[in-house]
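K.L.:
Please find one structure pasted underneath; my questions will follow.
The values are calculated or read from the model by the stated rules, or taken from the named source; none is laboratory data. Quantities reported herein were computed from a predicted structural model and do not represent experimental measurements. Cβ sites come from the backbone with ideal geometry, for glycine too, and all protein chains shown count toward neighbours. Heads up: the accessible areas ignore ligands, DNA and RNA and are worked out on the full protein's heavy atoms, side chains in. Shrake-Rupley method; radii C 1.70, N 1.55, O 1.52, S 1.80 Å.
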Amino acid sequence: MHSYSMDLGGRTLTIEAGKIAKQANGAVLVRYGDTAVVVAVTGTKTPREGVDFFPLTVDFEEKMYAVGKIPGGFIKREGRPSEQAILTSRLIDRPIRPMFPEGYHNDVQIVATAVSVDPDNAPDMPAMIGASCALSISDIPFEGPIAGVRVGLIDGEFIINPTVEQAKISQLNLAVAGTKDAILMVEAGANEVSEETMLDAIWFGHGVIKQLVEFQEKIVAEIGKEKMEVPFYAPPEEMVAEIEEYGAQKLKDALMDANKLEREENVAKVKAEIAEVFLEKYPDNAKDVAYITQKLVKKIVRRTISVDKIRPDGRQLDEVRPVSCEVGLLARPHGSSLFTRGQTQILNVLALAPLREAQILDGLGAEETKRYIHHYNFPPYSVGEARAPRSPGRREIGHGALAERALVPVLPSLEEFPYTIRCVSEVLSSNGSTSQASICGSTLALMDAGVPIKAPVAGISCGLITEGERWMTMVDIQGLEDFFGDMDFKVAGTHEGITAIQMDLKIDGLTPEIVKEALEKTHKARDYILDEIILKCIPAPRAELSKYAPKMLSITIPVDKIREVIGSGGKVIQKICAECDVKVDVEEDGSVFISGTDIDNCNRALTIVKTIVEDPEVGAIYKGRVTRLMDFGAFVEIAPGKEGLVHISRLDVKRTEKVTDVVNVDDEVLVKVLEIDDKGRLNLSRRDALIEVEGLTPENEISDAPRRPRRDDRRGSNGFRPNNNRPRN
């Protein structure tokens, strides 16, 4: 067994090889603090028949025993990967995938299993480093090593791999990966961080990546296997020249069409014509003809953009497609919007719910619940296909998480807006940048719902075409430019700064100049979308929530009063919910959240809670329930455990002969607190409440406050006073 260690962010990173998973092509155990990840990579010796792409699979496995938990449910074992596990798999995949040679079509699988997890040392970056090291020491033709780190920002200082407590106060959560020469992947969430700060953070992280790559190179030099040879496929040169001469102009004419469906149909016709002509001449070279034709399409698209400076839909390199939007399309959901950019169209629908509806997270992370939930759906009809719909895949989960990450920094705090929020992006039509259109549409839906966001957020993508040493970038890429281009750099943010980044790359790295230009162009484009599109559609969040949205009130009570609000066996809180037709949630820190469809009922429940935890205020008016009747008055409960007497003389504005002439048991009445005696007993008045609230004029005057009757004043059931002074025998 070989063991190698280095310092990473003030903690020890250790890679062990040669001891575990010896039948895999390469395997390592990565330790970082108390976190440990087993990473094993395997690859087939030959490609599958007919495969014309690189079938790479990355699986990050969360094992609940890693944090000392037993999985929930009846089966008691891990099932479908959590969203966080899927996102980590994507995080590892993106920088690894570009580092394999072109034409390598063998199956490769990377399995990273978190077997021990320390919350302060997340397993995602150790898993990425482990995947790179396992591939590098294997015989699989991986052109690494690569490495990745997380970068935080606290008080203007960058921090490598922040701990849980540091992450809570960090302005930035940046994951960056690359080789020792260039950047391969960027993924970030930020609190409106400037482009300059983001650039500094990326290159700060890259400085540590260089050290990690050098660390792995030493391991490879000592124990690395010899790489297998990859047969390079090359079609006959004379056939390439003939097909280009025959079909280049025809394909170019077909490609220059702004309408996606028409363009695809025209290109398909030209491809079919090329196949028909050349298969007569080369009947045994169907694979070569298809390969050459597809490569020719890619070559035409890239050269037309980079050399002729002409995009397929006729736009300039920094021009955004035509954009339109509207809000309030749907009556019953609490917020809705339709955002259209070119042929990409997203319907965003938002629902508000009490905090008890927050998503419970059952994973390896420190977070237990999630208040803002963003889902993204990509139905087949959005790209003109007819196929069976399936559950959300990795792409859908990744796009939803990106939109969620972009919007969380501008959401109001729990104290300002105590709601669970779910926003769903339904892709109605797709031609590139649907994830960024989802961010724009979600901003509109939030504002339409009346969620008091701090600032609107817009998202835009930037593409890249490289030709040798030359390169050029373009904003708002469509599907064709994404497919044949080298980069999809997605940036979301407000006027003030960036809230989220995700970069997908097909080449082996970006230079600082490319990253800087991409950030500058996306900032300019998102300012245009914010000013000319979003804020002209809806200038500010609506002042009121939808009439169908639950009404929510909150209060913070002393922790030692929680028992009184809940009651024995939950009787008090259940009674409040039943009487007021509301839901009441009490948190461990004393936060109480009251929700219901009627704001008056919510206010009444809030008053009851206040009355339970606070002493009733003399002069205050409460709505209470008559609990029992006496000849001399009625007892009224203004809150559970808080009951007072309304003397018969204080029951009405006119003279009352009998208590039952005015009230009966279980009647709800308004009462005013007149006095709290030295024993804490309440003297109440319905008469004074009616005068003050309803403006009634009293028919009888009462000179002083009623006196609670003494024990010897109270009459028995037979109507006679008990003779308490009678001498005993």
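K.L.:
Sequence neighbours fewer than 8 away in the same chain don't count; with that in mind, list the lysines whose C-alpha is under 23 Å from Lys309.
P.N.:
Answer for Lys309, where 23 Å is the Cα cut-off: Lys250, Lys252, Lys260, Lys295, Lys298, Lys299, Lys490, Lys506, Lys516, Lys521, Lys524, listed by chain and number.
K.L.:
Same structure, new question: Hey, rough spin-label estimate for Asn601 and Lys547, points 7 angstrom out along Cα→Cβ, what's it come to in nanometres?
P.N.:
Result: 1.7 nm between the two label points.
K.L.:
Give, to the nearest whole percent, the P(r) tail of the stretch 82-139 beyond 19 angstrom, counting all Cα pairs.
P.N.:
Pairs farther apart than 19 Å: 32 percent.
K.L.:
Extending each Cα 7 Å along its Cβ direction at Val277 and Lys168, get the distance between those two points in nm, one decimal.
P.N.:
Distance between the two pseudo-spin positions: 6.9 nm.
K.L.:
If you wrap a convex hull around the alpha carbons of the stretch 290-371, what volume per residue comes out, as a whole number of Å³?
P.N.:
234
K.L.:
Right, another one. Rounding to the nearest 20 debye, state how big the charge dipole of the chain is about its Cα centre with +1 on each Lys and Arg Cβ and -1 on each Asp and Glu Cβ.
P.N.:
Computed about the Cα centre, the dipole is about 2920 debye.
K.L.:
Name the helices (complete DSSP H segments) of the chain with a Cα length along the long axis of 18 Å or more and a Kyte-Doolittle mean of at least 0.0, or state none.
P.N.:
83-96, 124-137, 195-223, 434-449, 599-613
K.L.:
Same structure again: In terms of Cα to Cα distance under 18 Å, which lysines are near enough to Lys370, apart from those fewer than 8 places away along the same chain?
P.N.:
Hits, sequence-local ones excluded: Lys168.
K.L.:
Averaging over every viewing direction, what projected area does the convex hull of the Cα atoms of the stretch 248-304 cover, in nm²?
P.N.:
Result: a mean projected hull area of 3.7 nm².
K.L.:
State the percent of C-alpha pairs, over all pairs in the stretch 157-215, separated by a distance greater than 14 angstrom.
P.N.:
Pairs farther apart than 14 Å: 54 percent.
K.L.:
Ok, one more. Taking a quarter of the surface of the convex hull around the Cα atoms of the stretch 323-458, what do you get in nm²?
P.N.:
That works out to 8.8 nm².
K.L.:
Now a separate question. By the scheme Lys and Arg +1, Asp and Glu -1, what is the net charge of all other residues having a beta-carbon under 13 Å from that of Leu338?
P.N.:
Spelling it out: positives minus negatives among the neighbours equals -2.
K.L.:
Something else about it: Take the alpha-carbon positions of the chain, form their convex hull, and give its projected area averaged over all directions (one quarter of the hull surface) in nm².
P.N.:
Result: a mean projected hull area of 44.7 nm².
K.L.:
Going by average Cβ density within 10 Å per residue, which order do the peptides 515-523, 459-467, 581-589, 92-100 take, highest to lowest?
P.N.:
Those peptides, ordered most packed to least, come out 459-467, 92-100, 515-523, 581-589.
K.L.:
Now for a separate question. Cross-link partners among lysines for Lys22, C-alpha distance below 23 Å, same-chain residues fewer than 8 apart left out?
P.N.:
Excluding near neighbours in sequence, the set is Lys45, Lys63, Lys218, Lys225, Lys227.
K.L.:
Can you send over the carbon and sulfur percentage of the accessible area for the stretch 179-258, probe radius 1.4 Å, protein chains only?
P.N.:
In the stretch 179-258, the share of accessible area belonging to carbon and sulfur is 50 percent.
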